[in-house]
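Computed from the coordinates by the stated procedures, all read-outs in this text should not be read as laboratory data. Because the structure is a prediction, the values reported are computed rather than measured. Cβ coordinates were reconstructed from backbone atoms using ideal geometry, including for glycine residues, and neighbour counts include every protein chain displayed.
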Amino acid sequence: MNKFIVGFLAALLVMGGIWFFADRQDEREELNANTAMIQQQIQQVGKLIVTEGYYSQVYTFKNSQKLFLSLVSANKKAMILAKAKATVEYDLRQLETKIDPESKTVTITKIPDPVVNIYPEFEYYDVTQDFLNPFEAKDYNKIKSSITEQFRAKIESSDLKNDAQERLMSELLNIYILTKSLGWTLVYNEVVIENEEQMENLKK
């Protein structure tokens with residue numbers, strides 16, 4: 001009888017040990033799977049997020065030079081139709097994160113700054129120039145630089161950057177939703193992100 005009890009207890013211990021280690025193995029496999037899934041999600045958003053805007057402007061260029069002791073004026077002028085495509089980009093390949101599987105925490109350590117790119121095109125009309133004051137490369141460079149800066153000023157005062165930021169937040173929101181659904185915690189600037197509103201205010 002005693003041998004039976006001892007054998008029965010030994011069998012329980014063996015089965016309990018097998019169950020314990022099997023359960024721990026399942027937990028480790030699930031943790032590894034979740035970690036891999038989060039890493040994949042972060043890699044998927046590691047792309048350029050682009051918001052585009054289109055602008056146009058009519059620009060008049062005039063230049064006059066006094067020659068021969070100011071006795072002769074040499075003039076040149078042109079009307080320029082300038083069009084530009086502007087993009088605001090976040091290079092999310094520069095997004096820096098740290099994943100801690102033990103504490104089930106994903107920490108965003110760096111969100112890249114937006115980059116504004118401007119691609120202008122120019123059409124010249126009513127171009128007139130005197131023989132002594134022709135259009136030169138420096139004139140075209142001056143026109144391009146001046147108009148590009150005017151476009152940049154328009155972009156800075158427009159909603160284009162805000163639109164780009166909203167798209168950025170929508171991408172980062174996918175990370176938040178995934179981590180929350182897996183029981184993980186998302187952290188940015190040492191603050192635990194607990195709701196979508198916090199995500200939307202990250203860069204504001």
*Semi-axes, largest first, in whole Å: what does sqrt of 5 times each Cα gyration tensor eigenvalue give for segment 102-204?*
50, 12, 10
*Förster radius 41 Å - calculated FRET efficiency between VAL72 and ALA153, Cβ distance, rounded to 0.05*: 0.65
*If you plug each phi of segment 83-99 into the Karplus form 6.51 cos²θ - 1.76 cosθ + 1.60 with θ = phi - 60°, what whole-Hz ³J(HN,Hα) values come out, in order, with x for Gly and Pro?*
10, 8, 9, 10, 10, 10, 10, 10, 7, 6, 5, 9, 5, 10, 9, 10, 10
*Could you work out how far apart the two model spin labels at VAL192 and VAL115 are, taking each label as a point 7 Å from the Cα in the direction of the beta carbon, and quote it in nm?*
3.6
_Note, ³J(HN,Hα) from phi for segment 186-198, Karplus 6.51, -1.76, 1.60, rounded to Hz, x at Gly and Pro_ = 9, 10, 9, 6, 6, 10, 6, 7, 10, 8, 5, 5, 4
*In vacuo Debye scattering of segment 28-200, one point per C-alpha: log10 I(q)/I(0) at q = 0.14 Å⁻¹?*
-0.80
_Backbone N under 16 Å from the LYS85 label point (7 Å along Cα→Cβ), restricted to segment 141-167_ = none
_Using alpha carbons only, how many angstrom separate the centre of segment 55-83 from the centre of segment 151-174?_
36
_Two-site label geometry, GLU96 and SER145: point separation in nm, points 7 Å out along Cα→Cβ_ = 3.5
*Nearest-0.05 FRET efficiency for ILE177 and GLN57, computed from C-beta distance (R0 45 Å)*: 0.60
*Give the residues of segment 81-112 whose amide nitrogen is closer than 12 Å to a point set 7 Å from the Cα of LYS161 in the direction of its Cβ.*
88-89
